[in-house]
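The values are calculated or read from the model by the stated rules, or taken from the named source; none is laboratory data. Here the structure is a predicted model, which means the values were calculated and not measured. With ideal geometry, Cβ positions are generated from the backbone for all residues, glycine too; neighbour counts draw on all protein chains shown.
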Amino acid sequence: MAMRVDEIERLVKEALPDAQVVIEDLAGDGDHYRATIISEKFRGLPRVRQHQLVYDALGGRMGGELHALALTTSPPPSEAS
Amino acid sequence: MSDPVHERIKKQIEQDDVVLYMKGTPVFPQCGFSSGAVQVLSHLEVPFQSYNVLEDQDIREGVKTFSDWPTIPQLYVKGEFVGGFDIMREMFESGELQEMMRDKGLVEAKS
């Protein structure tokens, strides 16, 4: 079982509508991805919470259908005031 | 009625300062991410207690609900969930992990 890039992107954007999502398929097997996700929802959250938001968005597929998703998350750079 | 597996996990993470739930053992890691986690900790020269989740299905599933984190490895420092391999690597590369270990007195401050 594996997941397609567009499916991961759709799920993430459903939970984080403002998210910018860049996904790389690391192994070409639909099972090992790297995702860089930028969303305002991450602002002020520790990394663990940021990643948990993404895992929640994937609705329990993480660790099951999706074996490996290397995550890099951050809020958008705050505009210099 | 509290979850008996969660109680076991709670005891394990309070028993040792640094605890790593992993697939395999530090000498024979069975997954790339678990192996990476071991290398990070070894590089920091911080002693840690590891638990092989492949030998204990209850713990393997229990740690996922215990910390609301779906994957293995999982690192705990002084009873607190730190993260999986991604977060360990990010914190290691930024120096945050070393700082955390020093702040908690788990490694001497390097001169």
Can you name the residue in segment A:64-81 that is under 14 Å from residue B:85 (Cβ atoms) and at pLDDT 90 or above and, of all such residues, is farthest from the other protein chains (Cβ to nearest Cβ)? A:72
Out of the residues in segment A:45-63 meeting the condition of being out of contact with any helix residue (DSSP H, G or I) (no Cβ under 6 Å at 6 or more places or on another chain) and more than 8 Å from every other protein chain (Cβ to nearest Cβ), tell me which one is nearest to residue B:92 (Cα to Cα). A:46
Which residue is nearest to residue A:72 (Cα to Cα), if the candidates are limited to segment A:1-37 and must be in contact with a Lys or Arg (Cβ under 8 Å, 6 or more places away or on another chain) and surrounded by fewer than 16 Cβ atoms within 10 Å (Cβ to Cβ)? A:24
Give me the residue from segment B:56-86 that is part of a helix (DSSP H, G or I) and either touching a Cys at 6+ places or on another chain (Cβ under 7 Å) or over 18 Å from residue B:29 (Cβ atoms) (or both) and, out of that set, nearest to the other protein chains (Cβ to nearest Cβ). B:64
Candidate set from segment B:87-100 (those that are of a type in the set (D, E, K, R) and more than 10 Å from every other protein chain (Cβ to nearest Cβ)); member that is surrounded by the fewest Cβ atoms within 10 Å (Cβ to Cβ): B:93
Identify all residues within segment B:1-41 that are of a type in the set (Ser, Thr, Tyr) and either assigned to a helix (DSSP H, G or I) or at pLDDT below 95 (or both); write none if there are none. B:2, B:34, B:35
Determine whether residue B:48 is within 12 Å of another protein chain (Cβ to nearest Cβ) and either among the aromatic types (Phe, Trp, Tyr) or over 22 Å from residue A:50 (Cβ atoms) (or both). no
Take the residues in segment A:44-81 that are in contact (Cβ under 8 Å) with a residue 40 or more places away in the chain and within 12 Å of residue B:69 (Cβ to Cβ), then tell me which one is surrounded by the most Cβ atoms within 10 Å (Cβ to Cβ). A:54
Any chance segment A:56-63 includes a residue that's at pLDDT 95 or above, in contact with a Pro (Cβ under 8 Å, 6 or more places away or on another chain) and not aromatic (Phe, Trp, Tyr)? no
Only one residue in B:16, B:103, B:3 is within 12 Å of the chain's Cα centre (by Cα) and more than 12 Å from chain A (Cβ to nearest Cβ). Which one? B:16
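If you go through segment A:1-23 one residue at a time, how many are among the charged types (D, E, K, R) and part of a loop (DSSP other than H, G, I, E, B)?
Result for segment A:1-23: 2.
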In segment A:24-42, what residues are at pLDDT 95 or above, away from every other protein chain (no Cβ under 14 Å) and either out of contact with any strand residue (DSSP E or B) (no Cβ under 9 Å at 6 or more places or on another chain) or not in a loop (DSSP other than H, G, I, E, B) (or both)? A:38, A:40, A:41
